[in-house]
Amino acid sequence: MNKIIGIVSGKGGVGKTTLCANVAFSLAFAGKKVIAIDGDISLKNLDIPLGMTDKSAYDFTDVLSGRCAVDKAIQQHDDYPGLHFIAAPQQIDADSPNAEGFAQLCRQLKQTYDFVLVDAPAGVGRWVRDIIGCCDQCIVVATPDLTALRDAQRVVQLISDSGNPPSRLVINKVSPTMINRGYLQNIDDMMDSVALPLLGLVPTDDSIVIYSNSGKPVAGTKSVCSQPFKNIAMRLCNNNVPLDKYWRKNKNR
């Protein structure tokens, strides 16, 4: 079943865009037809980890305003033909684009693509609410620090207020050492605080910056994040992939 999935976070800097790019890559590797939409107006940067910078002369507001047809705004990845991309505008005159037009665009793309991934801005603003409202499912991204988890709680409330599409949590930049030493909450407590089921865990890895800056996928590399990104993609395809247990002190639990 084709899905529109919004990737959201309360706090900036939690790795939401990197997650969106690498889940898109992983889904494309798995043979799915995927389109990633950069929904972060004015702070657009999904094109960087996707390796698609400056490929498009049009963005999604050009489609919504009728300045171009949707196929003119869609760009195909050079190396992964199943992966496509629509850019965000650098800025717009109003506070947010036409919400109903954007929802119609996503529904139109859903007829062609297995997955429509929308990288939303961080926070709980009006445009984030509009994006959530057109999604079949949301992924809430947080890191283990308390500030990110508290902001994730605010996003969960926004999701509830926006029609309550099914949502799951990804905890990014996880350090098992920090958790096992008691410097951070354990994963079970993080899930309880946000009140969402867990979609996946992504460990901290400095090499992520290298891959993102070069526009290369982490999936398929020696990075410790490679398999976690693949696992998240497989769970989105409704495959039963067990969750890692490495955060538990007693690994036999």
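Taking amide H positions as modeled 1.01 Å from N, with prolines and chain starts lacking one, the residues under 5 Å from residue 167 and 5 or more places away or on another chain are 138.
What the Cβ-Cβ distance of residue 206 and residue 183 gives, at R0 = 22 Å and to the nearest 0.05, is a FRET efficiency of 0.75. Which residue, 79, 151, 189, tops the fluctuation ranking in a GNM of the chain built on C-alpha contacts under 10 Å? Result for the chain, Cα springs under 10 Å: 79 fluctuates most.
Only loop residues by DSSP count here, and only those with at most 15 other Cβ atoms within 10 Å; note down the trypsin sites (Lys or Arg not before Pro) in segment 73-182 that meet that. Display every interim value, and only then the final one.
Working: sites: 107, 110, 126, 129, 150, 154, 168, 173, 181; in loops: 181.
Taking segment 73-182 and a limit of 15 other Cβ atoms within 10 Å, the loop trypsin sites (Lys or Arg not before Pro) found are 181.
How about segment 184-243: which trypsin sites (Lys or Arg not before Pro) there are in a DSSP loop, with at most 13 other Cβ atoms within 10 Å of their Cβ? Filter output for segment 184-243: 222.
Size descriptors for segment 103-233 (Cα atoms only): Rg and Dmax, in that order, 15.8, 49 Å. Counted by neighbouring Cβ atoms within 10 Å, the residues 135, 106 run from fewest to most as 106, 135.
Comparing Cα centroids, segment 130-148 and segment 10-68 end up 16 angstrom apart. Beyond 29 Å in Cα-Cα separation lie the following of the pairs 11/72; 44/216; 110/173: 11/72; 110/173.
Shape annotation for the chain: C-alpha extents along the principal axes are 58, 39, 31 Å, from largest to smallest. Once you sort the root eigenvalues of the Cα gyration tensor of segment 7-65 as a ≥ b ≥ c, which label holds: rounded (a/c under 1.5), prolate (a/b larger than b/c) or oblate (the other case)? Oblate is the answer for segment 7-65, as a/c is 1.5 or above yet b/c matches or exceeds a/b.
With +1 on each Lys and Arg Cβ and -1 on each Asp and Glu Cβ, and nothing else charged, work out how big the dipole of segment 3-236 is about its Cα centre, in Debye to the nearest 20. Roughly 440 debye, rounded to the nearest 20. Any idea which of 45, 191, 212 is furthest toward the positive side of the dipole for segment 3-236, if Lys and Arg beta-carbons carry +1 and Asp and Glu beta-carbons -1? Farthest towards the positive pole: 191.
In the chain, the DSSP beta bridges split such that about 5 percent are antiparallel, to the nearest 5. Helices of the chain meeting both criteria, an alpha-carbon length of 15 angstrom or more along the long axis and an average Kyte-Doolittle score not below -0.5, with helices taken as full DSSP H segments, are 16-29, 99-110, 146-161, 226-236.
Every number in this text was worked out from the coordinates using simple rules, so none of it is lab data. Note that this is a predicted model, so its numbers are computed, not measured. Glycine also receives a Cβ, built like all others from the backbone with ideal geometry; neighbour counts cover every protein chain displayed.
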